[in-house]
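One structure below.
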Amino acid sequence: MSNKFYITTSLPYINSRPHIGHALELVQTDVIARWQRFHSREVFFLTGTDEHGSKIAKVAKEEGQTPEAVAERNARLFSELKEILNLTNDDFIRTSDRDRHWPGAQALWRRLLASGDIYKDTYRGLYCIGCEAFITEKELVNGCCPIHLKEPEAIEEENYFFRLSKYAEPLIEAISSGKFKIIPENRATEIINVIKTGLTDISFSRPADKLPWGIPVPDDPAHTMYVWCDALSNYITGIGFGRDEALFKKWWPADLQVIGKDILRFHAAIWPAMLLSAKLPLPKVLFVHGFISSGGHKMSKSLGNVVDPIEIVDKYGADATRYYLLKEIPTTEDGDFSWRRFEEVYNSELANNLGNLVSRVLQMTAKFTNGQVPPIATELPQLSGLLSSIDRFEGYDFARVLTAIDNFTTSLNVLVDETKPWELFKTGRQDEVDHVIYQLLEGLRIDAALLSPFLPGVADRIYEALGLDKPSWRPLRWEDALVWGQLVPGQAVAEPSILFPKFS
Ligand SMILES: [Zn+2]
């Protein structure tokens, strides 16, 4: 098995601030990237921003700015999420990057052209001037654009088209054989049904005078690439396609592409068809997550319920934010965010369970075993159930893994309550005190190892408190981290500190 793992997020379009849905996808992808690194895979994690198109050009015009300036400003909000959410992306590709992205997008275009899959034709469509976009018959309400309440214009223009129709059969074959695997299964069924109803060729460019903010079509600057070749190509340009062949060969195909359910058709039909046309291998797996609603309603500016991830991080920290997204939002289905639920989970699972365990164990170590790891290793019966829960990670069922970790944490708190080390200490039963303190410290170490892909900040703090140096403490595999007895007897353990301050 190859030791490399290439993982991508979809690229958010930068006409809005980052919302919690963006944070969800980034955090899910980050957990998988960290978990793969934990298993000694060499990982490349790519994210970035989709910046061209008429919407950004329009904002720039309204603000009296250049599209470059607007893109620069808005892209920064997304690139800053790396630090805010404690992400480990290895690169951040921007589709407006003329040096790193454009050459690859144009090289891809040339490949599709060489395959005979790009041709010129007349595009006839309805165009809303307010939206500065084509609108379909289906989207009209009483014959008008539902946003601008105006009748769209029927226009004709010369476009390049991509022969998507040619790829229906090969796509169905790749998806149903599992060569191009889609998780969860119901999304694979959904897209196969869409493809079976027939794929029509798609418009692949726009006249440059109508869409100047984009990548010029190679050898025909009167046309600008439409979003498909412009943006989807980031998955290969980000790893060197069109500028660094060796780098590209090293990483492609993607091992996992993470997307939201709304862009399934783009990533399970258009993108793989483009790759087939370019004679490039398909991604191995496409992982499709659901959406987050806010307080039970779809997030929308007009309802005023858009949740800003930065606001949550400011108040509760990156780890607590990640915990909620991973534990409360089912990975492949829709979930909900509410401040009330957030505070419930924060208080019960993080502050009162995990945070409390860490602080009381460190406190007892300071008092009862001289602030050191005792010289006795006794195993915990609670471990066996934990090991089997780890398998669930392969199905990306993060909530179940985190529930298992939370149960393990609870079992350690129960151990404290039942053995009452303070009474053992008072009555001079030091041997028994040593046994239970050792069990609890090892329990904390295992908690940290298991939590490290999910709550990396908390894991680091626990490791540090146990006197386990970085990076030598990093085990090669997650399972290795669970082998009992890796603490060093006599090692000084830190004073207790508060991991999750309580909020009223
Ligand atoms: Zn409109």
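Quick rundown of the values:
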{"quantity": "Only listed residue being at pLDDT 95 or above and touching a His at 6+ places or on another chain (Cβ under 9 Å), chosen from V345, V306, V288, V358", "calculated": "V288"}
{"quantity": "Residues (of a type in the set (A, V, I, L, M), over 33 Å from the mean Cα position of the chain (by Cα) and open to solvent by less than 90 Å² (accessible area, probe 1.4 Å)) located in segment 149-167", "calculated": "A154, I155"}
{"quantity": "Those residues of segment 483-501 which are more than 34 Å from the chain's Cα centre (by Cα), hydrophobic (A, V, I, L, M, F, W, C) and part of a loop (DSSP other than H, G, I, E, B), in sequence order", "calculated": "V488, V493"}
{"quantity": "Elements of type helices (runs of 4 or more DSSP H) in segment 231-342, at least 2 residues being aromatic (F, W, Y)", "calculated": "245-251, 318-327"}
{"quantity": "Segment 215-250 - residue that is in contact with a Lys or Arg (Cβ under 8 Å, 6 or more places away or on another chain) and open to solvent by 10 Å² or more (accessible area, probe 1.4 Å) and, of those, farthest from V70 (Cα to Cα)", "calculated": "K250"}
{"quantity": "S40, sole failed condition from (1) in a loop (DSSP other than H, G, I, E, B); (2) within 16 Å of the ligand (Cβ to nearest atom); (3) touching a residue at least 60 places away in the same chain (Cβ under 8 Å)", "calculated": "(2)"}
{"quantity": "Checking S79 against (1) more than 16 Å from the ligand (Cβ to nearest atom); (2) touching a residue at least 12 places away in the same chain (Cβ under 8 Å); (3) out of contact with any Ser or Thr (no Cβ under 9 Å at 6 or more places or on another chain), the condition it does not meet", "calculated": "(3)"}
{"quantity": "Among residues of segment 229-240, those that are in contact with a helix residue (DSSP H, G or I) (Cβ under 7 Å, 6 or more places away or on another chain) and closer than 16 Å to K55 by Cβ, counted", "calculated": "1"}
{"quantity": "Meets criteria (touching a Phe, Trp or Tyr at 6+ places or on another chain (Cβ under 6 Å) and over 17 Å from F291 (Cα atoms)) for L350", "calculated": "yes"}
{"quantity": "Failed item in (1) among the acidic types (D, E); (2) assigned to a helix (DSSP H, G or I); (3) without any contact (Cβ under 8 Å) to a residue 40 or more places away in the chain, with D97 passing the rest", "calculated": "(2)"}
{"quantity": "Any hit, segment 261-276, residues being touching a Ser or Thr at 6+ places or on another chain (Cβ under 6 Å), buried (at least 17 other Cβ atoms within 10 Å of the Cβ) and either under 18 Å from S176 (Cβ atoms) or at pLDDT 95 or above (or both)", "calculated": "no"}
{"quantity": "Condition broken by P146, with the remaining ones in (1) within 33 Å of the chain's Cα centre (by Cα); (2) within 12 Å of the ligand (Cβ to nearest atom); (3) outside any loop (DSSP other than H, G, I, E, B) satisfied", "calculated": "(3)"}
{"quantity": "Qualifying residue in segment 152-165 (condition: within 10 Å of the ligand (Cβ to nearest atom) and at pLDDT below 95)", "calculated": "yes"}
{"quantity": "Hits in segment 106-143 (condition: away from the ligand (no atom under 16 Å from the Cβ), open to solvent by less than 40 Å² (accessible area, probe 1.4 Å) and under 15 Å from D201 (Cβ atoms))", "calculated": "L112, S115, G116, D117, I118"}
{"quantity": "Total residues in segment 409-425, condition open to solvent by less than 60 Å² (accessible area, probe 1.4 Å) and over 40 Å from the mean Cα position of the chain (by Cα)", "calculated": "3"}
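The values are calculated or read from the model by the stated rules, or taken from the named source; none is laboratory data. Keep in mind that what you see is a predicted model, and the values were worked out from it rather than measured. Please note: Cβ atoms are built from the backbone with ideal geometry, for glycine as well, and neighbour counts cover all protein chains shown. Areas reflect the complete protein model, heavy atoms only, side chains present, ligands, DNA and RNA absent. Shrake-Rupley method; radii C 1.70, N 1.55, O 1.52, S 1.80 Å.
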